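The values are calculated or read from the model by the stated rules, or taken from the named source; none is laboratory data. Predicted, not measured: the structure shown is a model, and the values here were computed from it. Here the Cβ positions follow ideal geometry from the backbone for every residue, glycine too, while neighbour counts run over all protein chains shown. The area values use the complete protein model at the heavy-atom level, side chains included, leaving out ligands, DNA and RNA. Shrake-Rupley method; radii C 1.70, N 1.55, O 1.52, S 1.80 Å.
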Amino acid sequence: MLIIDGHAHIYSDDERVYPAIARPLRPRSGTGTVAQLDRQRKAALVRHVLVIQATTCYGWDNRFLVDTARANPDWMAGICTLDPDNPHSPALLEEYAQGHNIRGLRIYQAADGRLDHPGVDRLWNAARRLGIVVNVRVNRDKTAELAALLGRSPDLKVVLDHCLYLAAGPEYETILKDVLELARHTNLHAKLSFVPTGSNGPYPFEDMHDACRRIIRAYGPARCLWGSAFPCELFCPKTTYAQHVRLFTHELGLDAHVQESILGKTARHLYFEPNTILPAPTKGTR
């Protein structure tokens, strides 16, 4: 089965070349590296990884992401983040999309707190023109603004990162309701990375299984994808990389065709078709 990790963050040990922002969020030394990600994805039989800019460590400086994605095209592709308040961001996205192995753009709200903002619009328009997938990182307070953007861009492929940060707790039903209602936008895809991060329990995180299955039913398997939230030590310490894969292959009770879509086919369609064919698997992967 083709498995593509739709959500990983990477960190450099060389802070001289790739300096972090003030008070960065980063994993402990020796974790979150490209080498660790490569080892863990091979052990879990993951063919390809989409690496997302670690904005909480490097801010809008995408150099480490871009350099690493360009250097590892056989198993990696990049998703950059760009400042919606910077008028040069659309041009930078075009530069990254041409020859740098960048396949997606992760969107943040503007400095004034708005997601439905002219700068975000400019980036969405650039992404549409370039064939770039937009990943949206927002909480449920931006649901209405996201719906407005989706309504204006029905032909743009969009991924909802972490499903509005759905988590067990007092807002669980409210957030889940918003995620399910957004499914009416047929260009929106649900990233099912929230199961370990949102759970109050240990592996296999049974308190989040029902929400995951309801989202799969609402969006359909062809509009759902998996992401590991690597490095797990930082973002989902109650699970390992291999367990996160096993959650979808064994614990959620998903049919084989559903697994195939969520674990690989959806990401392949979004990020690697029709312009790019995935490289052949290397030894130890499939």
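The dipole here belongs to the chain: it is taken about the Cα centre, uses +1 on the Cβ of Lys and Arg and -1 on the Cβ of Asp and Glu, and is about 600 debye. Between R152 and E15, the simple label model (points 7 Å from Cα in the Cβ direction) yields a spacing of 4.0 nm.
Taking GluC sites (Glu not before Pro) as exposed when DSSP calls them loop and at most 16 other C-beta atoms lie within 10 angstrom, the chain has its longest site-free stretch at 16-170. A simple charge model with +1 on the Cβ of Lys and Arg, -1 on the Cβ of Asp and Glu and nothing else charged puts the dipole of the range 171-225 at about 340 debye relative to its Cα centre. Between H244, H100, H48, the Gaussian network model of the chain with springs among Cα atoms under 10 angstrom shows the greatest mean-square fluctuation at H100. Among S261, S29, S193, the largest mean-square fluctuation in a Gaussian network model of the chain (Cα springs under 10 Å) belongs to S29. Scalar couplings 3J(HN,Hα) for the range 36-41, obtained by applying the Karplus form with A = 6.51, B = -1.76, C = 1.60 to θ = phi - 60°, are 5, 4, 4, 4, 5, 5 Hz; x denotes Gly and Pro. Think of it as helices only: each DSSP H run of n ≥ 4 in the chain is worth -39500 (n - 2.57), and spread over all residues that comes to -9000 deg cm²/dmol at 222 nm. The distance separating the Cα centre of the range 239-262 from that of the range 31-103 comes to 24 Å. Neighbours of T56 by Cβ distance under 11 Å: Lys/Arg scored +1, Asp/Glu scored -1, total +3.
When the charge dipole of the chain is built from unit charges on Cβ atoms (+1 for Lys and Arg, -1 for Asp and Glu) and taken about the Cα centre, the candidate among L166, A148, V258 whose Cα reaches farthest toward its positive end is V258.
Using a probe of 1.4 angstrom and keeping all protein chains present, the accessible surface of the chain works out to 42 square angstrom per residue. Taking Cβ atoms as reference points and 14 Å as the exclusive limit, the residues near L150 contribute a net charge of 0, counting Lys and Arg as +1 and Asp and Glu as -1. Between the alpha-carbon centres of the range 151-165 and the range 5-28 there is a gap of 26 Å.
With the chain treated as a Gaussian network of Cα nodes joined by springs under 10 Å, which of F230, F64, F194 yields the largest mean-square fluctuation? Among F230, F64, F194, the largest mean-square fluctuation in the Gaussian network model of the chain belongs to F64.
For the range 245-261, putting each phi into the Karplus relation 6.51 cos²θ - 1.76 cosθ + 1.60 with θ = phi - 60° gives couplings of 5, 4, 3, 8, 8, 10, 8, 8, x, 8, 5, 4, 5, 5, 4, 4, 5 Hz, in residue order, rounded to whole numbers and with x for Gly and Pro. Counted residue by residue at 0.36 nm each, then reduced by the alpha carbon distance between them, the extension gain from R63 to E251 reaches 63.9 nm. The shape of the chain comes out rounded: with a ≥ b ≥ c from the C-alpha gyration tensor, a/c is under 1.5. In terms of the mean number of neighbouring beta-carbon atoms within 10 Å, the peptides 55-63, 147-155 order highest first as 55-63, 147-155. Each peptide among 34-47, 112-125 gets the average number of other Cβ atoms lying within 10 Å of its residues, and from highest to lowest they stand as 34-47, 112-125. Look at the dipole of the range 1-63 built from charges on Cβ: of G32, P19, Q53, the Cα furthest out on the positive end belongs to G32.
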